[in-house]
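The values are calculated or read from the model by the stated rules, or taken from the named source; none is laboratory data. Fair warning: this is a prediction, and the values are worked out from it, not measured in the lab. We place every Cβ from the backbone using ideal geometry, glycine too, and count neighbours over all the protein chains shown. All accessible areas refer to the heavy atoms of the entire protein, side chains included, with ligands and DNA or RNA removed. Shrake-Rupley method; radii C 1.70, N 1.55, O 1.52, S 1.80 Å.
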Amino acid sequence: MFKKLKRRTAAVSRSRQSSASASPKRELPDNIYCRPHFLHQSPEEMSQNGEQRARLVLLPPRNKKLPWNTGYAEVINAGKSIFNEDQATCRPIILRKAVDIEEEWVLLCPNEDTQDQGIMATYWGLFDGHDGPVAAILAAEHLHHCIREQLEEILDVICGPCNVQPPLHLKGHKGRQTETSYGIEKNISIENLVKGALETAFKNCSSLQIPQQIEMKDELIGHYQASHNQVGGCTALVVLGLQGKLYVANAGDSRAMIVHKTEVLPLSNEFTAVTERQRIQHLAFLRPELLGEVFSRYEFPRRVKRSDIGEKILYRDYFMSGWGYKTAEDDDLKYPVVHGDGRQTRVMGTIAVTRGFGDHGLKPYDTDLHVKPLLSCIPEVTIFDLGQYEFGQSDVLLMATDGLWDVLSNREVADTSERFLEDHKHDPRRYTMLAQCLIHKARGTPQDNDWKLEDGSFASFDDISVFVIPLHNKGGTA
């Protein structure tokens, strides 16, 4: 069993390191695969721009501005898959809550700032797919609906002192007004209610169910996943700008950070088999049936051999951040549920990322066990108060999939960002140009049938997507 898993892991590793090797071609209906809506790519353009030997960097059209003057750029992988498995979305979200008055729907809390259009929020999302692009497409198209639904449930609290009263011109109407009273205990803040709304939205979206108000395109995606036994999934990194605060919800290994002058402010942590070893081992301890007769919950610095039985060996259990000794037993010959070295560490020898959507049908090679129960869709939510800082035009929030961070550190990205924005301070498209610059830096150039960085080391072979979000004049508003 170990040899089979080892061969499979090695094959995955080689496919990520070689631009010449591609996954077997997956056939997708033409009207399912897409690029982010704000790129305005036709099917013909998607086909032409998806050439992996050229790896063209795609940008939004010059005449199409994104909210907050956000910059964006993306590039396809160098042969890991025939599709760009990243997806992205950037859009305003209008939060409304209605009262039913003689079949006339009105806003719950109209105010001057939003001109009776509801409370405005801004939403950015990056979704990094694996084993196909379908899960990322579904998440990009539907997660914001789940988030809006949860936020509207607490809208009367978010509105604060505006109360739940209909507009003056409707006060004479008869009808039913929906009021909700909240018993706020233990000084629970609005920020924590929004945080809970995001966590619940991720959980509700984890099955990637299609809402009732759908287009035929979404029905085809659901049909494709069912009829082709799709096992793919995706990570999710979301930023919500609401009432002067940024809510960063991360489930996966994409990354968000703020560059403020010379300071780097990380806003997310990666969730991988390395960082979540103890959570996975603890779940295996609580539910040993998930491991069958194939896996052990213990971690060892090396594979246990039969000659080790009865000897003292190093190990780690779910409650340990350090190492200890135990006497090797027959059960220790099983494959560790978390095993590998660095970025090659896998859960059940199968998947490196431990949070996100999808992967419901994922099984370890040659077993009937499911990996999904050991994974999680719940994000870690970080709250950043924009009002605590004074931002200049070179201060930005950067979001990117792991294709960027695989080869560039936070410091390298921050230094590049600071220099570039200072040199292009008068260019109206400087934030998109910075996203393009970062992708060029991580993608490298083709050399000797590989993609290399300036120093000759291997460049990123993965899909790369980058948002650059300017923060000046954003304190107190979203």
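Quick notes
- Residues in the stretch 246-272 that are open to solvent by 40 Å² or more (accessible area, probe 1.4 Å) and farther than 18 Å from Asp406 by Cβ were compared, and the one that is modelled with the highest pLDDT is Glu263.
- Restricting attention to the stretch 265-312 and to residues that are aromatic (Phe, Trp, Tyr) and over 20 Å from the mean Cα position of the chain (by Cα), the residue that is farthest from Ile378 (Cα to Cα) turns out to be Phe300.
- Pick from the stretch 416-436, criterion touching a strand residue (DSSP E or B) at 6+ places or on another chain (Cβ under 9 Å) and open to solvent by 40 Å² or more (accessible area, probe 1.4 Å), ranking: farthest from Pro470 (Cα to Cα): Gln436
- Residue satisfying all of: in the stretch 312-347; hydroxyl-bearing (Ser, Thr, Tyr) and open to solvent by 90 Å² or more (accessible area, probe 1.4 Å); nearest to Asp406 (Cα to Cα) among these: Ser321
- Set side by side, the residues Ala284, Ala236, Ala249, Ala256 differ, and just one is among the aliphatic types (A, V, I, L, M), touching a residue at least 60 places away in the same chain (Cβ under 8 Å) and either in a helix (DSSP H, G or I) or out of contact with any strand residue (DSSP E or B) (no Cβ under 9 Å at 6 or more places or on another chain) (or both), which is Ala284.
- In summary, Arg91 fulfils each of the numbered conditions (1) assigned to a loop (DSSP other than H, G, I, E, B); (2) open to solvent by 30 Å² or more (accessible area, probe 1.4 Å); (3) among the charged types (D, E, K, R) with the single exception of condition (1).
- Selection of the stretch 286-306 for residues being among the acidic types (Asp, Glu) and either open to solvent by less than 50 Å² (accessible area, probe 1.4 Å) or in contact with a helix residue (DSSP H, G or I) (Cβ under 6 Å, 6 or more places away or on another chain) (or both) yields only Glu299.
- Per-region count, the stretch 42-64, residues open to solvent by 70 Å² or more (accessible area, probe 1.4 Å) and modelled with pLDDT under 90: 7
- Strands (runs of 3 or more DSSP E) completely within the stretch 315-415 that count 3 or more residues being in contact (Cβ under 8 Å) with a residue 12 or more places away in the chain and within 22 Å of the chain's Cα centre (by Cα): 380-385, 396-400
- Residue in the stretch 145-160 that is under 30 Å from Leu369 (Cβ atoms), assigned to a helix (DSSP H, G or I), out of contact with any Leu (no Cβ under 6 Å at 6 or more places or on another chain) and modelled with pLDDT of 95 or more present: no
- Test: residue in the stretch 171-193 that is part of a helix (DSSP H, G or I), modelled with pLDDT under 90 and of a type in the set (Val, Ile, Thr): no
- Unique residue being surrounded by fewer than 17 Cβ atoms within 10 Å (Cβ to Cβ), more than 30 Å from His282 (Cα to Cα) and not β-branched (Val, Ile, Thr) when the list is Asp395, Asp462, Asp448: Asp448
- Counting the residues of the stretch 241-263 that are of a type in the set (Lys, Arg) and at negative phi gives 2.
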